[in-house]
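Enquirer: Got a structure here, written out as structure tokens. Questions coming.
The values are calculated or read from the model by the stated rules, or taken from the named source; none is laboratory data. Quick caveat: nothing in here was measured; it's all calculated off a predicted structure. Note that each Cβ is placed from the backbone with ideal geometry, even for glycine, and that neighbours are counted across all protein chains shown.
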Amino acid sequence: PDASGTTMGSIAPTEASATSRSEDAKPRRRRMVPRLTGEPKRDRHREGAGDAGSEMVPLSANSDDDWAADEVVSVDKEPLLPTENGELDNGDSGLKGRTRAREGNFGNPAPEPLWSVAIQVFVPFLIAGFGTVGAGLVLDVIQHWQVFQKVSELFILVPALLGLKGNLEMTLASRLSTQANLGRMDTAAEQWRMATGSLALLQIQATVVGFLASIFAVVMGWIPDGEFSWQHALLLCSSSLFTASVASLVLGMVMIGVVILSRKCHINPDNVATPIAASLGDLTTLALLALVASFLYTRLGGQEWLVGGILVGFLLLLPLWGVVACANPHAREVLYTGWCPVISAMAISSVGGCILDFAVSRFHGIAVFQPVINGVGGNLVAVQASRISTFLHQRAVLGTLPASDPAICINPCSAFFGKSVHARTAMVLLLMVIPGHLVFTYGIRLLQAGHTSVTPIFLVVYLTAAVIQVFLLLYIAHVMVHWMWTRRVDPDNSAIPYLTALGDLFGTALLAISFLLLSAIGDGDSDVGD
């Protein structure tokens, strides 16, 4: 320290910095670094809380905190959501309040107008919906391909691999949206660090989940018949690994670009990132799976080394991705703690795949609607879960619910008809189900795709199943995200995988029940697509 007590390498806060801050319209935040050894411990208090939702944190004496201010950093963008005031929601002024300040809390954002939420969500929702329609058209065609006829276990892989967008890409979108809304992706260095760590993490998760999904498909195909084909097992594992890894890499880069662009355009990425991930995810993943599986199937006659080489190659890349991911603190935390939701979601989606494998052999018309109903439900519940997670991150410490949102389990009426911001958003999302499905269903009809006539009875049964699915998912999302928050589990990393997997399971099961009911009352398939 020099004579004034200022540590070398640090810039002590001065009255001049506060004065220049009040004169300069550009918001600033103080970059925090660990306190140097031997430096006296000092307190910080908040000032300027009303300035663009940012906080100045001068240092004073008598603190147990081990952080010090390194410099004042200019922030090019204000927090995306406007702030009503700078006060923390639950009134903590002690260590928790200082922790939130250190972690970049911007205060209490004012709720978005419902019309703004509806517009921001509905346009990406329609785009995502047409992506799922495209996936449905692809599934309707490839169900007749030789590889899907001979290796029917591929149908078990379909929901699991399509669910990767929920397990991985949507989780990435939610995590990045929260970081962007907290102002932690404003500089090029922050964006690059977040991008490299996130992509490496995606590759690890995609490889592991894709391999486990293929093993599950092999076992479920072996149990009923009692016959094991190592060629089919090799085909399933290689196809699953290639599809999961390549699709996750492409979609991960798209997600990072979408979040950064949304931030620059002052659009809440919570509303647009997850639907766009879904719009590209289903179609890309399903088309890639079909092409890769068909290509590898033609090589089983004498070029098994190629099929096995793909499998070994992706597994050997795991250590490289691990080194890159561990260098990023955000990715490292998820790498150590984020496996349970991803693997559990894969297992849940695979159960839905077993239902699809059973149903598609009896009702060819189910293939074109399965990606649509599952995709719509997953898109809407991912938006709700991402918004609730951001709401909690901005208002409370992980483990403590804010005073304005104290309940975990509420009755369904309050979840949809209450006065809270979550209830209003849930109702807006639920009201999108019927118009959206009508657009998608008549789009399929105009294309003369599928094997089912779109009759009034079919529409009533199908739309009822879709509304029940989304109603259940939105309610479960409210309970699950709040429950995870109180257990100190970050919902950005854990909630969406479970919710989208449940969406796959509910959607496939309700769709199969709908077709069984339609068949029982005489409104069955009419082979429209043939």
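Enquirer: Test each condition in (1) loosely packed, with under 13 Cβ neighbours inside 10 Å; (2) part of a helix (DSSP H, G or I) for Arg332 and report the one that comes out false.
Expert: (1)
Enquirer: Which fully enclosed helices (runs of 4 or more DSSP H) of region 114-229 have 2 or more residues being at pLDDT 80 or above and polar (S, T, N, Q)?
Expert: Filter on region 114-229 gives 146-150, 188-225.
Enquirer: Tally time: how many residues in region 222-236 are touching a residue at least 40 places away in the same chain (Cβ under 8 Å) and surrounded by fewer than 24 Cβ atoms within 10 Å (Cβ to Cβ)? Before you say what the answer is, go through the steps one by one.
Expert: Restricting attention to region 222-236, the residues satisfying the condition of being touching a residue at least 40 places away in the same chain (Cβ under 8 Å) are 231-232, 234-236.
Then keep just the ones that are surrounded by fewer than 24 Cβ atoms within 10 Å (Cβ to Cβ); that gives 231-232, 234.
Result for region 222-236: 3.
Enquirer: On the given criteria, is Leu168 assigned by TED's automatic domain parsing to the domain that holds Ala331 and either more than 16 Å from Ala244 (Cβ to Cβ) or of a type in the set (S, T, N, Q) (or both)?
Expert: The answer is no for Leu168.
Enquirer: Restricting to region 378-425, count the residues that are in a helix (DSSP H, G or I) and within 30 Å of Arg184 (Cα to Cα).
Expert: 23
Enquirer: Taking only region 426-455 into account, find how many residues are more than 27 Å from the chain's Cα centre (by Cα) and in a loop (DSSP other than H, G, I, E, B).
Expert: 9
Enquirer: Tell me whether region 206-213 contains one or more residues that are of a type in the set (Phe, Trp, Tyr), surrounded by fewer than 23 Cβ atoms within 10 Å (Cβ to Cβ) and within 25 Å of Ala287 (Cβ to Cβ).
Expert: Taking every residue of region 206-213 in turn, at least one turns out to be of a type in the set (Phe, Trp, Tyr), surrounded by fewer than 23 Cβ atoms within 10 Å (Cβ to Cβ) and within 25 Å of Ala287 (Cβ to Cβ).
Enquirer: Looking only at region 276-299, how many residues end up being crowded, with 18+ Cβ neighbours inside 10 Å and within 18 Å of Leu234 (Cα to Cα)?
Expert: Residues in region 276-299 being crowded, with 18+ Cβ neighbours inside 10 Å and within 18 Å of Leu234 (Cα to Cα): 7 in total.
Enquirer: Could you tell me whether region 291-312 includes any residue that is in contact with a Pro (Cβ under 6 Å, 6 or more places away or on another chain) and in the same structural domain as Leu172 (by TED's automatic domain parsing)?
Expert: There is no residue in region 291-312 that is in contact with a Pro (Cβ under 6 Å, 6 or more places away or on another chain) and in the same structural domain as Leu172 (by TED's automatic domain parsing).
Enquirer: Quick check on this structure: which one of Gly377, Gly365, Gly322, Gly418 is surrounded by 21 or more Cβ atoms within 10 Å (Cβ to Cβ), assigned by TED's automatic domain parsing to the domain that holds Leu176 and over 18 Å from the mean Cα position of the chain (by Cα)? Show your work before the answer.
Expert: On the way: Gly377 fails: over 18 Å from the mean Cα position of the chain (by Cα); Gly322 fails: surrounded by 21 or more Cβ atoms within 10 Å (Cβ to Cβ); Gly418 fails: surrounded by 21 or more Cβ atoms within 10 Å (Cβ to Cβ).
Only one candidate passes the filter, namely Gly365.
Enquirer: Just one of (1) surrounded by fewer than 24 Cβ atoms within 10 Å (Cβ to Cβ); (2) touching a Gly at 6+ places or on another chain (Cβ under 8 Å); (3) modelled with pLDDT under 85 trips up Gly450, so point out which.
Expert: The one condition Gly450 does not meet is (1).
Enquirer: Okay, moving on. For region 466-487, what are the residues that are more than 19 Å from Met427 (Cβ to Cβ), in contact (Cβ under 8 Å) with a residue 40 or more places away in the chain and buried (at least 23 other Cβ atoms within 10 Å of the Cβ)?
Expert: Once the filter is applied, which keeps residues that are more than 19 Å from Met427 (Cβ to Cβ), in contact (Cβ under 8 Å) with a residue 40 or more places away in the chain and buried (at least 23 other Cβ atoms within 10 Å of the Cβ), region 466-487 yields only Trp485.
Enquirer: Let me ask something else. Which residue out of Gly313, Gly308 is of a type in the set (Gly, Ala, Ser), free of Cβ contacts under 8 Å to residues at least 40 places away in the same chain, surrounded by fewer than 23 Cβ atoms within 10 Å (Cβ to Cβ) and over 29 Å from Asp490 (Cα atoms)?
Expert: Gly313
Enquirer: On the basis of being touching a residue at least 24 places away in the same chain (Cβ under 8 Å) and on the phi > 0 side of the Ramachandran plot, does Gly183 make the cut? Can you show your working first?
Expert: Working: touching a residue at least 24 places away in the same chain (Cβ under 8 Å): yes; on the phi > 0 side of the Ramachandran plot: yes.
So Gly183 fits the description; yes.
Enquirer: Could you say which residue among Leu137, Leu126, Leu201, Leu162 is out of contact with any strand residue (DSSP E or B) (no Cβ under 9 Å at 6 or more places or on another chain), assigned by TED's automatic domain parsing to the domain that holds Leu429, surrounded by 24 or more Cβ atoms within 10 Å (Cβ to Cβ) and closer than 23 Å to Gly375 by Cα?
Expert: Just a single option satisfies the conditions, and that option is Leu162.
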